Amino acid sequence: MNQTQSIQLRTDNQTLDLPVILGTEDDRGIDISKLRAQTGYVTLDDGFANTGACKSAITYIDGEKGILRYRGYPIEQLAERGTFIETALLLIYGELPTADHLERFRELLTAKELLHEGLYKLFDGFPPNAHPMAVLSAMINATSCYYPEITQMEDESTFEIAAARLISKVRTMAAASHKKSLGQPLMYPDPGLRYCQNFLHMMFSLPNKPYEPDPDIVNAINRILILHADHEQNCSTSTVRMVASSGANLFASCAAGVCALWGRLHGGANMAVIEMLEHIHKNKIDLKQYIEQVKDKSSGIRLMGFGHRVYKNFDPRARILKDSADKVLTKLNINDPLLDLARRLEEVALEDSYFKDRNLYPNVDFYSGIIMRTIGIPVNMFTVMFAIGRMPGWIANWKEVHDDTTGRISRPRQVYVGPTKRDYVPVEQRAAK
Ligand code: SDX
């Protein structure tokens, strides 16, 4: 990393030269690692909107220009020409895999696709209406109990096997929780199927009726997973890095990522978008009226699937997914009123100065749910799909933290705003409030 010029910070009684760290895309960070020691000050940045938590070589986003690249490769090219598994290897190891590496990893995914039979018993402990994200995070940690070696990640081969186990088994867990919620028999993975088709098989096949997906559906899942594979220091990835920084193992860190992703402002938004569109459609709500409600802060209503902390332009993934939704529904000859509604809602919003002034555009979640719904994935599994896609990005970030031998445990500071010193009061002397 090039260290170039510095900037000056003048405090009460001194002027400090703070080094500036220059990124490979000319992004700049002010190194404040000695600020508190030299001045007693800490910085404060609600939501870390202006704070770089790390240096990373995995994903680059330019929010103003709507650019997203994985290890330098534009998302548009990977979504158009790549596969999810080669994208996973790109994110984790930094290069597009050779044919041999890709084949070897695919064989590893097949070898690791089953769950230990003891894990299947755990599914019986969840109520049928258990949220799939709760099941997923629990099952990831439970799975790690069968592989004690992952707590001591000594070498690359142990890591690669652990990564393959996580990427492969996360499908099996997700599909099993779906089957359990339906009261249907579990479908075991089919070693003759590739990653996405195997997942669809486990989700939708029945013992007496195999599921034969249209190739366009398999391609749509492949694209959705690629588009969700990583996204710089988003909330869940930052959570994975925070947990990894304590020395926690890969499975524990990714299970924490699942929990962070669950929030409706993050990965839970894809479910909230469909619920919003269904609400508008079912109640025949006028779009301009709905937008007015969104603009009225007191309504507490947000236009789900719109806005982004980093993109102040179109989310490039939303463009790709909007196009995919169109193609998949046309190819399958499905007319989903929610797709037309989403398009009209986007038009009405983007004509309104409230959205334009705040740079609020559709994000990855605005169209993804329409495709998943068309495929038959239940709404409560949408965020699980996001987690399956994001798993390689979390693994890549975990590895980046784990491999950084100079790294320190993440431990932010604060500005204390609570009560100043006061003495203990015996209970009989405490006045009722
Ligand atoms: C993901 O970080 C990532 O990279 C995440 C992600 C990934 O791949 O990991 O891209 C995936 O999480 C996408 C985002 C999915 N979430 C949603 O679609 C939920 C709806 N969107 C928001 O709640 C919001 O836009 C966030 C959470 C995405 C971003 O929030 P910020 O950056 O904290 O923005 P903010 O809440 O400070 O809003 C700024 C202004 C406010 O108005 P003012 O106070 O200036 O008057 O914009 C308004 C907000 O009220 N605003 C919205 C809005 N989003 C922001 N108003 C209406 N509808 C919205 N969706």
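The values are calculated or read from the model by the stated rules, or taken from the named source; none is laboratory data. The shown structure was predicted, so the numbers you read here are calculated from the model rather than taken from an experiment. Note that we place each Cβ from the backbone using ideal geometry, even for glycine, and neighbour counts take in every protein chain shown.
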When residues of the range 371-426 are limited to those that are of a type in the set (G, A, S) and at pLDDT below 95, the one surrounded by the most Cβ atoms within 10 Å (Cβ to Cβ)
G407
Search the range 81-108 for residues being in a helix (DSSP H, G or I), touching a residue at least 24 places away in the same chain (Cβ under 8 Å) and not hydrophobic (A, V, I, L, M, F, W, C), and hand back the single one that is farthest from Q197 (Cα to Cα).
T87
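Could we say that L78 is modelled with pLDDT of 95 or more, within 16 Å of the ligand (Cβ to nearest atom) and in a helix (DSSP H, G or I) here?
Yes, satisfied.
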I'd like to know if the range 206-214 contains one or more residues that are more than 16 Å from the ligand (Cβ to nearest atom), modelled with pLDDT of 95 or more, in contact with a His (Cβ under 8 Å, 6 or more places away or on another chain) and among the aromatic types (F, W, Y).
yes
Is at least one residue of the range 252-261 surrounded by fewer than 20 Cβ atoms within 10 Å (Cβ to Cβ) and either part of a loop (DSSP other than H, G, I, E, B) or near the ligand (Cβ under 9 Å from one of its atoms) (or both)?
no
Which of (1) buried (at least 18 other Cβ atoms within 10 Å of the Cβ); (2) of a type in the set (A, V, I, L, M); (3) in contact (Cβ under 8 Å) with a residue 60 or more places away in the chain is the odd one out, the single condition L287 does not satisfy?
(1)
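Got a sec? Which of I334, I395, I371 is more than 11 Å from the ligand (Cβ to nearest atom) and outside any helix (DSSP H, G or I)? Full working, then the answer.
Working: I395 fails: outside any helix (DSSP H, G or I); I371 fails: outside any helix (DSSP H, G or I).
Going through I334, I395, I371 in turn, just one is more than 11 Å from the ligand (Cβ to nearest atom) and outside any helix (DSSP H, G or I): I334.
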On the given criteria, is A244 small (G, A, S), away from the ligand (no atom under 16 Å from the Cβ), under 19 Å from the mean Cα position of the chain (by Cα) and part of a helix (DSSP H, G or I)?
yes
Test: residue in the range 202-215 that is touching a residue at least 60 places away in the same chain (Cβ under 8 Å), in a helix (DSSP H, G or I) and out of contact with any Asp or Glu (no Cβ under 7 Å at 6 or more places or on another chain):
yes
